[in-house]
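J.: Just dropping this structure here.
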Amino acid sequence: KHLIEEAYEVAEAVRGGDRDEIVDELGDLLLQPVFHAEIGAEAGTFDLDDVANAICEKLIRRHPHVFGDSEVNDSEGVLSQWDQIKKQEKAESTGSGPGPNPVKSETKQGYFVEKVNVGLPALMAAEKLQRKVAKVGFDWPDLPPVLDKIREETEEVVKALESGNEQEIASEIGDLLFAVVNLARKTGHDSELLLMQANRKFLDRFQKMEDVLAAESKTVHDSDLEEMDAAWERAKRA
């Protein structure tokens, strides 16, 4: 969890554009692979050299147009080649294809999508999952059906709330979130970034609302919802 947290802090520093903060946060992030490699070395399983060699070998293997004789015409060709190489690597590691030291797969069927990217934040994992299945045509061709799906999921949330079933409420809200991620993806936006921007916008407006209240010698602690809402609207207009 610390590695993930440090990566997010690097991303935030990059968005902020402060050189010293970027350097500082990248240093914190760099500590993580060094730290994990040291733990591996102490356990006798791997060290930092193994980590560095693994990424070097992967980059060479997955970029034959740079390090080998393969020829591609554009970035789309590079990505297509990358996907094919990854599929071959996966086949070799599961024993479902040629390659050295194949390992027998424990999966009864070779599914096109075998897992959700649990290491990613949920919004990013949802978008990656949707992009994956879209490659085989499991995707709406345009926006109207996507919007219809969001309306449908919203109605199901309302029904779940009326039922009072907590498990059903949670499930339907999750479905609604997944549908909204689909809308972001179909319109060419990154849902994780959109929510981050919305968080920032909310914080900025909340602080401006506090400024409005302060001008009236009030704070959020001694104001009721109606007063805060009125101050919020004034902050929005400003």
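J.: So for the range 97-112 (the condition being at pLDDT below 90, exposed (fewer than 15 other Cβ atoms within 10 Å of the Cβ) and within 25 Å of ASP190 (Cβ to Cβ)), does at least one residue qualify?
T.: Yes, the range 97-112 contains a residue that is at pLDDT below 90, exposed (fewer than 15 other Cβ atoms within 10 Å of the Cβ) and within 25 Å of ASP190 (Cβ to Cβ).
J.: Restricting to the range 12-37, count the residues that are surrounded by 15 or more Cβ atoms within 10 Å (Cβ to Cβ), under 23 Å from the mean Cα position of the chain (by Cα) and of a type in the set (Gly, Ala, Ser).
T.: Residues in the range 12-37 being surrounded by 15 or more Cβ atoms within 10 Å (Cβ to Cβ), under 23 Å from the mean Cα position of the chain (by Cα) and of a type in the set (Gly, Ala, Ser): 1 in total.
J.: Among the residues of the range 184-194, count how many are in contact (Cβ under 8 Å) with a residue 24 or more places away in the chain and surrounded by fewer than 16 Cβ atoms within 10 Å (Cβ to Cβ). Before the answer, list the steps.
T.: So in the range 184-194, the residues in contact (Cβ under 8 Å) with a residue 24 or more places away in the chain come out as 184-187, 190-192.
In the following step, the residues that additionally are surrounded by fewer than 16 Cβ atoms within 10 Å (Cβ to Cβ) were identified as 187, 190.
Residues meeting the conditions: 2.
J.: In the range 195-216, which residue that is under 19 Å from ALA125 (Cα atoms) and open to solvent by 60 Å² or more (accessible area, probe 1.4 Å) is modelled with the lowest pLDDT?
T.: GLN197
J.: In addition: Looking at GLU192, is it more than 30 Å from ASP83 (Cβ to Cβ) and charged (D, E, K, R)?
T.: The answer is no for GLU192.
J.: Condition first: in a helix (DSSP H, G or I) and among the basic types (Lys, Arg). Can you find one or more residues in the range 6-19 that meet it?
T.: Yes, the range 6-19 has at least one match.
The values are calculated or read from the model by the stated rules, or taken from the named source; none is laboratory data. Given the structure is predicted, the values throughout are model-derived calculations rather than measurements. Methodologically, a virtual Cβ is constructed for each residue, glycine included, from the backbone with ideal geometry; neighbour enumeration extends over all protein chains shown. Note: accessible area is taken over every heavy atom of the protein model, side chains too, but ligands, DNA and RNA are not part of it. Shrake-Rupley method; radii C 1.70, N 1.55, O 1.52, S 1.80 Å.
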